[in-house]
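These notes concern the structure reproduced below.
The values are calculated or read from the model by the stated rules, or taken from the named source; none is laboratory data. Just so you know, these numbers come straight off a predicted model, no measurement behind them. Note: ideal-geometry Cβ built from the backbone for every residue, glycine included; neighbour counts use all protein chains shown. Heavy atoms of the whole protein, side chains included, go into the accessibility calculation; ligands, DNA and RNA do not. Shrake-Rupley method; radii C 1.70, N 1.55, O 1.52, S 1.80 Å.
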Amino acid sequence: MKSIPLDKSSAKLLGRAVVRDDILRLTLSGTGCEFVFTGCKLSLTVGVDECCHTDGKRCNMPRIAILCDGRIIVKKVVEERAETFGIVSSDTPVTHTVRIVKLSECAFSLTEVRPAEVDDEATVSPTPALPMKVEFIGDSITCGYGVDDSNMQSDFSCEAENAMKSYACVAAELLGADYSLFSYSGYGLISGYSADGDRNTREILPQWYESCGFSYSRVGDARLQDIPWDFSEFTPDVVVINLGTNDNSFCTFHNEAYREFEDEYLAFLQTVRRNNPRAHIVCSLGIMLTEPLPYIENAVRRLGDDRVSVFRFTTQDGLLGYGSNWHPSEDTQHRAGEELAEYIRSLT
């Protein structure tokens, strides 16, 4: 047997995954890798870092999936420092496409993927890049929070998250596109989610956009948020922004704050454009609520960029069910992904 690190030379990295010291760290929702394996034996070892900020709580531990030829063969919460899964065992060489995906988000926990263990004659190579690339920037809706839980009163848990069922990944699959998600539950532009009208300044998304992300966990001896993101690693044709739902929880208590939201939305658009000069930017909202939409439209008009547009999703009404805490159900997410894919096709 031999060990093959899963990095850019051996696998297509998904999203803002980080490789250090031959260990692949799965960070944001949907991060992972995909490769073509040819050989007889393949095993993968995943685990939580010893610096993982879970406080021993299962609700904060990461959730992953491993797929072989598109079929899920492992889907679980990662609770051990290291756990090994036999993926392929054959007497004769076989070829399979293998994908590892982090289903949960970044703030509370990261996942380590050790070098793949394969037979001596085996090969591992990246899957080809797809013809389109799309980046999604958002909150819990983009993370796919609550999609695997139908209890509307549940406490927050990473186990309820499934990025593969989010509208973002649904749209990317329908478009035949590679994707990258930059999303955090509860985050906004001027305030994170607020239940009482007090401004939540802890959960502000733009401050981390030019880094590899934010996490209370660490990447070895480094903080994830201190690692700059190299925008040449993933150059999207389309960037989809879906922010404002959490800001609205603050603005409804302070109506004058909608204008501040508009100003910050414009400033963030300028940041996104600076880092993605050739992308079409889609400013979306509406899956859970629509109140900030006029202010988003104003920000887009003020920007004066003909490659920036506004898209409104169909707002959920309960007929397709709900996930955790009134979040979109799997059916609602799928409908939103179909709507967005159709809109992006009209642009490109």
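May I ask you to verify whether SER180 is at pLDDT 95 or above, more than 17 Å from the chain's Cα centre (by Cα) and open to solvent by less than 10 Å² (accessible area, probe 1.4 Å)?
Numbers: at pLDDT 95 or above: yes; more than 17 Å from the chain's Cα centre (by Cα): no; open to solvent by less than 10 Å² (accessible area, probe 1.4 Å): yes.
So SER180 does not fit the description; no.
So ASP69 clears everything in (1) open to solvent by 40 Å² or more (accessible area, probe 1.4 Å); (2) at positive phi; (3) in contact with a Lys or Arg (Cβ under 8 Å, 6 or more places away or on another chain) except one condition, right? Which one?
ASP69 satisfies all of (1) open to solvent by 40 Å² or more (accessible area, probe 1.4 Å); (2) at positive phi; (3) in contact with a Lys or Arg (Cβ under 8 Å, 6 or more places away or on another chain) except (3).
Looking only at strands (runs of 3 or more DSSP E) that lie completely in region 96-140, which have at least 3 residues being open to solvent by 10 Å² or more (accessible area, probe 1.4 Å)?
Numbers: elements: 111-113, 116-118, 123-126, 132-138.
Answer list for region 96-140: 123-126.
Under 20 Å from VAL219 (Cβ atoms), open to solvent by 10 Å² or more (accessible area, probe 1.4 Å), charged (D, E, K, R) and touching a helix residue (DSSP H, G or I) at 6+ places or on another chain (Cβ under 7 Å): which single residue out of ARG81, ARG63, ARG25 fits that description?
ARG63 is the lone residue from the list that is under 20 Å from VAL219 (Cβ atoms), open to solvent by 10 Å² or more (accessible area, probe 1.4 Å), charged (D, E, K, R) and touching a helix residue (DSSP H, G or I) at 6+ places or on another chain (Cβ under 7 Å).
Conditions tested, residue by residue: (1) modelled with pLDDT under 95; (2) surrounded by fewer than 20 Cβ atoms within 10 Å (Cβ to Cβ); (3) within 19 Å of SER191 (Cα to Cα); (4) of a type in the set (Ser, Thr, Tyr).
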{"position": "HIS280", "(1), (2), (3), (4)": "no, yes, no, no"}
{"position": "SER284", "(1), (2), (3), (4)": "no, no, yes, yes"}
{"position": "PRO292", "(1), (2), (3), (4)": "no, no, yes, no"}
{"position": "VAL310", "(1), (2), (3), (4)": "no, yes, no, no"}
{"position": "ASP317", "(1), (2), (3), (4)": "no, yes, no, no"}
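Considering (1) open to solvent by less than 10 Å² (accessible area, probe 1.4 Å); (2) among the aliphatic types (A, V, I, L, M); (3) closer than 27 Å to THR315 by Cα, say which one LEU266 fails and leave the rest.
(1)
Any residue that is among the β-branched types (Val, Ile, Thr), open to solvent by less than 10 Å² (accessible area, probe 1.4 Å) and either over 21 Å from THR111 (Cα atoms) or free of Cβ contacts under 8 Å to residues at least 60 places away in the same chain (or both) - is there at least one of those in region 229-239?
Step one: list which residues in region 229-239 are among the β-branched types (Val, Ile, Thr), which gives 235, 238-239.
Subset that is open to solvent by less than 10 Å² (accessible area, probe 1.4 Å): 238-239.
Next, from what is left, pick out any that are either over 21 Å from THR111 (Cα atoms) or free of Cβ contacts under 8 Å to residues at least 60 places away in the same chain (or both): 238-239.
Scanning region 229-239 turns up at least one residue that is among the β-branched types (Val, Ile, Thr), open to solvent by less than 10 Å² (accessible area, probe 1.4 Å) and either over 21 Å from THR111 (Cα atoms) or free of Cβ contacts under 8 Å to residues at least 60 places away in the same chain (or both).
If the requirement is being of a type outside the set (Val, Ile, Thr), over 30 Å from LYS75 (Cα atoms) and touching a residue at least 40 places away in the same chain (Cβ under 8 Å), which of these qualifies: ALA168, ALA177, ALA160, ALA195? Please lay out each step first, then the result.
Working: ALA168 fails: over 30 Å from LYS75 (Cα atoms); ALA177 fails: over 30 Å from LYS75 (Cα atoms); ALA160 fails: over 30 Å from LYS75 (Cα atoms).
Exactly one of ALA168, ALA177, ALA160, ALA195 is of a type outside the set (Val, Ile, Thr), over 30 Å from LYS75 (Cα atoms) and touching a residue at least 40 places away in the same chain (Cβ under 8 Å), namely ALA195.
Which number in (1) surrounded by fewer than 20 Cβ atoms within 10 Å (Cβ to Cβ); (2) farther than 18 Å from GLY188 by Cβ; (3) in contact with a helix residue (DSSP H, G or I) (Cβ under 8 Å, 6 or more places away or on another chain) marks the one condition that THR348 misses?
(3)
Of everything in region 144-186, what is out of contact with any Cys (no Cβ under 8 Å at 6 or more places or on another chain), among the hydroxyl-bearing types (Ser, Thr, Tyr) and over 21 Å from VAL238 (Cβ atoms)? Give them in sequence order.
Here is the first cut: in region 144-186, the ones out of contact with any Cys (no Cβ under 8 Å at 6 or more places or on another chain) are 145-154, 160, 162, 164-165, 167-178, 180, 182, 186.
Next, from what is left, pick out any that are among the hydroxyl-bearing types (Ser, Thr, Tyr): 145, 150, 154, 167, 180.
The answer is TYR145, SER150, SER154.
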